[in-house]
Structures are given as structure tokens and as C-alpha cells.
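Peer 1: Sending over a structure as C-alpha cells; questions will come in a sec.
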Amino acid sequence: MRLSLAVVAATCLSLSTGASAQAPAAQAPVPPVPSCQELAAALRTVTTNDARLKDWPNLARYRDSNVTTAAGPVDVVFMGDSITDSWPQPRFGAFFPGKKYVGRGISAQTTPQMLLRMRADVLNLKPKVVVILAGTNDIAGNTGPMTDEEIEGNLMSMSELAVANGVKVVLSSITPVSEYHMATPAAVPQTTLRPMKRILAINAWMKSYAAAHGHVYLDYFPAMTDAAGLLKAEFSADDLHPNAAGYSVMAPLAEAAIAQAMR
């Protein structure tokens, strides 16, 4: 069923007017009518979910730009979620200037969604190297509960697809989180949504897997964590996503890993 915000507004007005015209004394208690803001928020959620169900991996996001990009040489594709998606934004500085690198991150995505995007957003561009940064949203349950083994299996599948197509693999550590910038005391900290114990366990597996299969493991942790083992406060405004300072630390580490993979 499709509704517009205008219809929701009219419905809200009708409900509120009708409610005020009734004499509630002779009636049983009636549940409160949702506010216009609540109904509008619910409509936005339904609309968003409907779009995701129609194109769950969001293949449409880069469909047009992939046609243009595939026409020219590409050295490196960065595959990932919001951390990769935001990296090329001007507010975070230049994205590897002078390099034939392209970003193929999509905010909020998990490894099963990225796995479905591998052919369209990575392999068809024929890069020399793919840099995969994924897993934090799986841990948070963005597309449902995921075990560590399921996350690792999807990382393995993406790596195997790359190798089968002659693409070198750089597996990036899941970046650390912290709990220094919670909006309100009642907010759920990122360390609860994304337990560091799970992040560290998957990263340890990733390092071992990369070594066993000739891939490069890109470890962001030593440069991004503080004495408590959490994401340094100065590298993020929300305890999850890097800011300009965070990306400035990540960039040379990524460059070194890419250079290693190309060798």
C-alpha cells in the first residue's frame, strides 16, 4: 500500500479533529492516536524498507557510474560500508589524488549484501586490487543476527571471487569503536552494538586467513586505538565513523597495503 506524506497529514488532521469532536465520557478508554510526526516517521521507514527489499544489495547505487568507470583503467576498488562510502567525500580531504582508485562503499551494508555486489561493483571494473572493509554492520545486526563464522564465510567468498578473476585481495581489519561521544546518557554505546571482543576475534581470523592464502591484511588498529583499546576520541564524532583526522591516519596504511598487494 502506497501513501504520501500529504495523505498522512490529512489523516492526522482528520483523526485529531474527530477525536476532539467526540464526548469521551460515555466511551471506554481509546488508545492515543499517533501524532503526525510518528505516522510520518513510520511511513519513511516503510518506504525505505520497501526500496531495500526491491534491491536488497543496492545494485542500482553504482550501476550508471560503473559503465563509465569500466571504460577506463582502474587499479583499486574499495569495497565496503559507510566508512568506505564516506571516504571520498570532499569534507574528508582528497581521496587518493592522482591514483586510479574508486570507492564502492554503501552505508549500512553487511557482508552478504557486498558479496552480491562483487561482480557488478568490483570484478566488472577489472581492478588490480580490491580493498575490502566489512563486518561491523554484521556484528550490529543490520540485516539480522550474524555469527562470526557467517561473516568470515562471506569474506572468504568475496576473496575467492577476486582471486578467481585475477584480482589481488587486501582484507582490512574491522575498525575499532568507542563510547566517548554518546548523544544522550540513554544512548546505546557503540561498544555494546559492536562488542570489541567480536571485532578482535574476526580480525584475528582475518589476519590468519590472509596469511594462509597470500592476501594482504590491513591492520588499522595500532594507529587508531587508545590506551583503553578503543577508537581514539579525536578520530570520530560518533564513536564509529572516522572523521578527517581518522581518514588521514587510514590512508597511508591503505596505500602501504595496496603497494604490498601489487608486489
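The values are calculated or read from the model by the stated rules, or taken from the named source; none is laboratory data. None of the values given here were measured: they were computed from a predicted structure. So basically every Cβ, Gly included, is an ideal-geometry build from the backbone, and we count neighbours across all protein chains shown.
Peer 1: Determine which member of the set TYR217, TYR209, TYR180 is of a type in the set (Phe, Trp, Tyr) and in contact with a Lys or Arg (Cβ under 8 Å, 6 or more places away or on another chain).
Peer 2: Checking each option against the conditions leaves just TYR217.
Peer 1: Out of the residues in the stretch 184-219 that are of a type in the set (Gly, Ala, Ser) and not in a helix (DSSP H, G or I), state the one that is farthest from GLY135 (Cα to Cα).
Peer 2: Per the criteria, the residue is ALA186.
Peer 1: Hey, could you check the stretch 171-219 for residues that are in contact (Cβ under 8 Å) with a residue 60 or more places away in the chain, among the hydrophobic types (A, V, I, L, M, F, W, C) and in contact with an Asp or Glu (Cβ under 7 Å, 6 or more places away or on another chain) and say which is nearest to GLU152 (Cα to Cα)?
Peer 2: ILE202
Peer 1: I would also like to ask the following. Please work out which one of (1) of a type in the set (Val, Ile, Thr); (2) part of a helix (DSSP H, G or I); (3) touching a Phe, Trp or Tyr at 6+ places or on another chain (Cβ under 8 Å) is the condition THR175 fails and give its number.
Peer 2: (2)
Peer 1: Right, here's the next one. Does LEU155 satisfy being under 29 Å from ASP238 (Cα atoms), over 13 Å from the mean Cα position of the chain (by Cα), crowded, with 22+ Cβ neighbours inside 10 Å and at pLDDT 95 or above?
Peer 2: So LEU155 passes the test.
Peer 1: Would you check if THR191 is touching a Pro at 6+ places or on another chain (Cβ under 9 Å) and surrounded by 14 or more Cβ atoms within 10 Å (Cβ to Cβ)?
Peer 2: Considered against the rule, which asks whether it is touching a Pro at 6+ places or on another chain (Cβ under 9 Å) and surrounded by 14 or more Cβ atoms within 10 Å (Cβ to Cβ), THR191 comes out as no.
Peer 1: Still on this structure, please answer the following. Sort out which residues of the stretch 55-95 are among the charged types (D, E, K, R) and either touching a residue at least 40 places away in the same chain (Cβ under 8 Å) or in contact with a helix residue (DSSP H, G or I) (Cβ under 8 Å, 6 or more places away or on another chain) (or both), and write them in order of number.
Peer 2: ARG61, ARG63, ASP75, ASP81, ARG91
Peer 1: Quick one: count up the residues across the stretch 88-117 that are assigned to a strand (DSSP E or B) and out of contact with any Leu (no Cβ under 9 Å at 6 or more places or on another chain).
Peer 2: Matching residues across the stretch 88-117 total 2.
Peer 1: Give the residue, chosen from LYS232, LYS168, that is more than 23 Å from GLY141 (Cβ to Cβ), touching a residue at least 60 places away in the same chain (Cβ under 8 Å) and touching a helix residue (DSSP H, G or I) at 6+ places or on another chain (Cβ under 9 Å).
Peer 2: LYS168
Peer 1: A further question on this structure: Filter the stretch 118-136 for residues that are touching a Phe, Trp or Tyr at 6+ places or on another chain (Cβ under 8 Å), buried (at least 20 other Cβ atoms within 10 Å of the Cβ) and not in a strand (DSSP E or B) and give the result.
Peer 2: Answer for the stretch 118-136, where residues must be touching a Phe, Trp or Tyr at 6+ places or on another chain (Cβ under 8 Å), buried (at least 20 other Cβ atoms within 10 Å of the Cβ) and not in a strand (DSSP E or B): just ASP121.
Peer 1: Let me spell it out: the conditions are (1) at pLDDT below 95; (2) surrounded by fewer than 17 Cβ atoms within 10 Å (Cβ to Cβ), and LEU59 meets all of them except one. Which number is the exception?
Peer 2: Among (1) at pLDDT below 95; (2) surrounded by fewer than 17 Cβ atoms within 10 Å (Cβ to Cβ), the lone unmet condition for LEU59 is (1).
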